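Inspection log for the structure reproduced underneath, given as structure tokens.
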Amino acid sequence: METSDDKLERRLYSHDLAPLPKEMDLIFKTTPDQVVRPKYAQEVAQMMAKATATKKAIVPRGAGTWGLGGSVPVQGGYVLDMTSMDKIIAIDEKNLIVTVQPGITWKALSEALDAKGLFLPCYPSSAPSATLGGWIGTGGTGIGAYKYGTAGNIIRDLEVVLPTGHIIHTGDKYIPASGGGPNLTWLFVGSEGILGVITEVTLSVLPKPETLRAVAYSFEDLSNATPAFRKLSRSDVVPMHLMFGDRAHFEYLRAAGKHAPDVGCMITCALTGAKDKVDLDEKMLDDIMTSSGGVKMPADVAEHEWSERSYEFRVREMGIGAIPGEILVPIEGFDKTLADTRALVRKMKLKGPIIGTVADRNTIMLMPYYLTDEHNFFRSTAAMGFGKKLGDIAFENGGRPVGLGLFFAGNLARYRGKEGADLVRRIKTLVDPEGVMNPGKVVETGTRFGISLPAAFMNFGMNMMAGMKRLMPRDKVGEKELSRLRK
């Protein structure tokens, strides 16, 4: 087990995808006391015992590709960097399962399965760097979710080290967990590391489909695509994945020197299955999209967009910050949500391209991102209020934000209801009686002083940040690049 006390290295673990201003250290102790890289479940159990004995926090971390502070310490303590646990334990071709350690990336696992003629049904868009344990812990929806479900749907078994040091298995590797009492696997999916540390994962996999084909359609504007989403969700066509981007997104990609279409909006779909079935699905999809006002794009454009599915934020290459928001809304609430989101972007004087996916037949995941100067404390901090306001829009339109993390723990009761939120807190206390497991997240917004910030206080602060941003001059981040593009 490797450990590090180096100050600079520890500082690298004080943020995730969304950098935090150093002034946040006045409230949160974001720099860990020690970075630990375990390689076996037994070493994780040893660290649990040490944390309990020293009353220090344990914060599990994958690749840090999330942006809500879930893997950022609140009270210092030990960060468990799980990326050293990156081994494939077994690929069972007979039973169509794979058992791996949680630190392996989804891309590395997908490539290993591909070499065996197998197929990973779903994975996050950040697959090149995101680890299995990290995405399972955040419970996100991703590529393949429309047809195959999310990661939680394909998990057969998890090995988890509890805060008490006990090691449990949540399921059976060969059969579903149905009919055996409460499903323990789903207790840990989306728990954001507050209940234990995942040290082994067994997933169901599929034979590689005969055909995987990308097709794409352009629309005048993202709002014009709603009828197509409705028709598709009620049809017999079940794409593996559907993703979209608006005009601003593709403009910024071109401004960054990337190949991107000049369209008002584009929907890219991936179809999987036998060739004859994919051919039929494509014809039906053509009819759905074109009858809704879409124009089919050339095959090479669709293939390019599919190849770029894991690189939505290439605009960062312009040297600017791209901070994403994530909300889920019903398809019937999509038009209003889109209009409200665009109004919010204008009010807060941000640059806000919009991308997203169709998560299932009833749900759209909207992922607007804003461009900001990460090195300007006042602008970057004020822009954090965007996440709060975006979440409010989701709730108002029958949806919700994705994830809780450090800053949005106050939403737990809005997600689960008061009684449901209280039950989650009681489960946390039961599983983690000493309170060492990733404290200050999900069930509370903790501080370095060991006290929790009330939800009303956090909401007030986030609203104040949003109000501050509206009083500032309009952001000019990225304008030079866009001006050159338009000339």
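Overall size of region 85-207 from C-alpha positions, given as principal axis extents largest first: 39, 29, 28 Å.
In this calculation the C-beta distance from T447 to L187 is compared with R0 = 30 Å, giving a FRET efficiency of 0.65. Here is the list for region 206-260: trypsin sites (Lys or Arg not before Pro) lying in DSSP coil, each with at most 16 other C-beta atoms within 10 angstrom of its C-beta, are R234, K258. A full extension of the chain between K94 and D221 corresponds to an added length of 41.0 nm, given 0.36 nm per residue minus the alpha carbon distance. Considering only alpha-carbon pairs that sit under 8 angstrom and 6 or more positions apart, the relative contact order computed for the chain is 16 percent. Rounded to the nearest 20 debye, the dipole size of region 208-259 about its Cα centre is 120 debye, using +1 on the Cβ of Lys and Arg and -1 on the Cβ of Asp and Glu.
If R0 is taken as 25 Å, the Cβ-Cβ distance between S307 and K275 corresponds to a FRET efficiency of 0.75. Going from the alpha-carbon gyration tensor of region 172-291, what semi-axes, largest first and in whole Å, does one get by taking the root of 5 times each eigenvalue? Three semi-axes, in Å: 35, 22, 15.
Relative to the compact-globule estimate of 2.2 N^0.38 Å, the Cα radius of gyration of the chain comes out at 0.96. Dipole of the chain, Cα-centred, from +1 at each Lys and Arg C-beta and -1 at each Asp and Glu C-beta, to the nearest 20 debye? In total the dipole reaches around 1340 debye. Within region 85-207, how many Lys pairs sit with Cα atoms under 15 Å apart, leaving out pairs fewer than 8 places apart on the same chain? Taking the Cα cut-off of 15 Å, the pair count is 4. Within region 218-316, the GluC sites (Glu not before Pro) that combine a DSSP coil assignment with at most 14 other C-beta atoms in a 10 angstrom radius are E220. Using the Cβ-Cβ distance between D422 and T211 with R0 set to 41 Å, the FRET efficiency works out to roughly 0.25. Using only Cα positions of region 2-83, each an equal point scatterer, no hydration layer, compute I(q)/I(0) via Debye at q = 0.19, 0.27 Å⁻¹ and quote the log10 values to two decimals. Log10 I(q)/I(0), no solvent term: -0.78, -1.41. Sorted on the mean count of surrounding Cβ atoms within 10 Å across their residues, most packed first, peptides 442-455, 194-207, 396-409, 69-82 read 69-82, 194-207, 396-409, 442-455. For region 324-339, backbone nitrogen atoms closer than 14 Å to the point 7 Å from R361 Cα along Cα-to-C-beta are found at 331.
Here is what passes the span test in the chain: the DSSP H helices with alpha carbon length of 15 Å or more along the helix axis and a Kyte-Doolittle mean of -1.0 or above are 41-54, 275-290, 334-347, 385-396, 412-431, 455-471.
Each reported figure results from applying straightforward, stated rules to the coordinates on display, with no laboratory input. What you see is a predicted model; the values in this text were computed from it and never measured. Every residue, glycine among them, receives a Cβ derived from its backbone with ideal geometry; neighbour counts consider all protein chains shown.
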